[in-house]
Structures are given as C-alpha cells and as structure tokens.
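Input: a single structure, listed below in structure tokens.
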Amino acid sequence: MPDVEGSTEQKEFYLDIPAKNQAFFLKGSGALDWGVQNRLSRIFNPSSSKTVMLAIDHGYFQGPTTGLERVDVNIVPLVPYADALMLTRGILRSSIPSSSRNGIVLRASGGPSILKELSNENIAMDMEDAVRLNACAVAVQVFVGGEFETQSIHNLTRLVDMGNRAGVAVLGVTAVGKDLVRDAKYLRLAVRICAELGAHVVKTYYCPEGFETVTASCPVPVVMAGGKKLPELDALVMAFNAIDQGASGVDMGRNIFQADAPVAMIQAVGKVVHEGMKPQHAYDFYQSMKNEKKAEAPVAR
Ligand code: R5P
C-alpha cells in the first residue's frame, strides 16, 4: 500500500507555471475533437505539418494496375517511407503487415468499374469497420460536375457525419471527369465544396496556373494527387511547387510505384515534402539511391 501521508507532502503543483493551451498544428483543424486531431497527427507529421501519403487504392475501380499487381512484393518495401497509406480494406487486411505504423486512409466509396460511369459511386464501407481497422481517415470521391455529382456529395456528407461520431477524419477526393478541365477555377470550386461540406482534408490535382488560389481558398489541408506517371524529375518539380504553393503534402501513387526505383522515389518525395529540398537536389538524391541499389543487386548469371 502507498504511504498516503508521505506522498501528500511530496506533491509539486508548479503554481508558477500556467497550463498551456496549445494550438493544433494543422490548418482549419483547431476545433476538431481530440480523437480526430490525434488521427490527423498520424497522417501528417507534426514536425513538418506535411504528409507523404502513398496512394495504392487504384484497384477499387480498375483492377490490378501496373505496379500494383503484387502489393506484397512491390508495395510493402515502400511502406516504411510513407507517413500514410491510402488503400482499400481488402488490400490492407490481405497484404499490409499489421505491425505497420503508418496512418491508414481507407477508401470508403466505390461501385462502378472502369467499364461503367465512374461517378455512380456509393459509400462502400461502414465506419465501424474503419474503426476496427484503426483507420485515421476514410476517403470518398466527389465528382463535382459529374453525372452523379449530388449522389457523390451525399456520400461525402454522410461519411462526415459518421466520421464525426466516431472521431475518424474524412478525406474528400476531387475527381475530374473526362470532359472537365483541371484548371484553378474548377479545382477551387471542387475543393471548396468538399471543405464546406465537412471534409477534414481535401485531395486534388496540381494545376500549373493559380494552384496557390486553390489552397488559399480551402480552409482545411489540401494534399496534391499525383496523377499519371511523369519523368521522375518532373514529378519532383510538381510536388515541390504544390508544397511551395500551400499544399500540406502529397498523395501520390503511380509517380512513386511506377518509378524506375520506387524505394528511392518515395524517399526523394519525402525530402521535397518534409525538408523543402529543391527538385534537382531531390532528383540527384534519387539517382544516387537508385545507383546504390543497382550496385547492391546480385549480378544476373
Ligand atoms: C483515384 O481516384 C485514387 O484516389 C488514387 O489514389 C489517386 O488517383 C492517386 O493516385 P495517382 O497518384 O496514381 O493518381
């Protein structure tokens, strides 16, 4: 039994130190509940306020995408270098080690395949299962201007209600249909609608003209989507510009897992995102990592 009298005499109340009321580090997120803030802190690195999210959810509508045929072989080696993983619950349960420490962002909308109208999505998982999987956020596609625009926006708002009840963040993903132009005017519209309707984080494409107006007019963190595969230096330039123009990180897939050296590429992206490394320096880093790896590789007989 503890000595109650003795321990009372030893108490220290630090009466001269006022309790701190610390502001949360993410834009527009100060009024969120502790659980949502904690989960966002597992997606965004509190030291840099940024994230390198690795997007590998492409299979939910297009099957075994190039580079994702074998997640266990090609993707698991990248996992230690990502802050967060964006993926489906099927791939998480089947292929990602449960000892991984990344923030998990679960794809929570779906329905149509590439053979059908993509905007005709519904909510595709329960929040209860997201909590069971220890997810930090769920992701939902929002098709502003698409055929099923209203339906996709209602998917977002229902997930926001479910997420707020459970303390799980919601990532609104702005999807650009075939006929929509990815310019700042469109992206401002799509991103702002997601934030207004409660998304805690918004993912959108980069646009070379006016991207800073897209991030400035969004009251919550914006992460840049990677898009189709570019030469590695171009992808690093795009990531650098997005961060420089107000993005809180990147959510890249093909530009990482389809790179010549994916493990080197994700680390180079990390240099740009977390350390503000200039793209050419990050590319030099990428090349040296790639060459080192080649030097280590066994010689084919
Ligand atoms: C598509 O809508 C998915 O959300 C992907 O995660 C997204 O397109 C990012 O992947 P990528 O960088 O390959 O475009």
ask   = Of the residues that sit in segment 55-64 and are at pLDDT 95 or above and in contact with a Gly (Cβ under 7 Å, 6 or more places away or on another chain), which one is surrounded by the fewest Cβ atoms within 10 Å (Cβ to Cβ)?
value = A55
ask   = Can you name the residue in segment 213-237 that is within 14 Å of the ligand (Cβ to nearest atom) and more than 16 Å from the chain's Cα centre (by Cα) and, of all such residues, is nearest to A282 (Cα to Cα)?
value = L236
inquiry  = One residue is enough: does segment 23-38 have a residue meeting the conditions among the hydroxyl-bearing types (S, T, Y), closer than 26 Å to A239 by Cα, in contact with a Lys or Arg (Cβ under 9 Å, 6 or more places away or on another chain) and assigned to a loop (DSSP other than H, G, I, E, B)?
reply    = no
request  = Give the residue, chosen from D179, D244, D161, that is at pLDDT below 95, away from the ligand (no atom under 16 Å from the Cβ) and surrounded by fewer than 24 Cβ atoms within 10 Å (Cβ to Cβ).
outcome  = D179
inquiry  = Go through (1) in a loop (DSSP other than H, G, I, E, B); (2) within 13 Å of the ligand (Cβ to nearest atom); (3) crowded, with 24+ Cβ neighbours inside 10 Å for V250 and report which single condition fails.
reply    = (1)
task = Output the residues belonging to segment 182-194 that are away from the ligand (no atom under 16 Å from the Cβ) and either more than 13 Å from V144 (Cα to Cα) or in contact with a Ser or Thr (Cβ under 7 Å, 6 or more places away or on another chain) (or both).
result = D183, A184, R188, R192
request  = Looking only at segment 191-205, decide whether some residue is more than 30 Å from R132 (Cα to Cα) and assigned to a loop (DSSP other than H, G, I, E, B).
outcome  = yes
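Listed here are the residues, each with its yes/no results for (1) of a type in the set (D, E); (2) farther than 28 Å from E149 by Cβ; (3) surrounded by 14 or more Cβ atoms within 10 Å (Cβ to Cβ); (4) modelled with pLDDT of 95 or more.
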| residue | (1), (2), (3), (4) |
| --- | --- |
| P80 | no, yes, no, yes |
| R89 | no, no, yes, yes |
| L92 | no, yes, yes, yes |
| S95 | no, yes, yes, yes |
| G111 | no, no, yes, no |
| L115 | no, no, no, no |
| A124 | no, no, yes, yes |
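The values are calculated or read from the model by the stated rules, or taken from the named source; none is laboratory data. Keep in mind that what you see is a predicted model, and the values were worked out from it rather than measured. Heads up, the Cβs are rebuilt from the backbone with ideal geometry, glycines too, and the neighbour counts pull from every protein chain shown.
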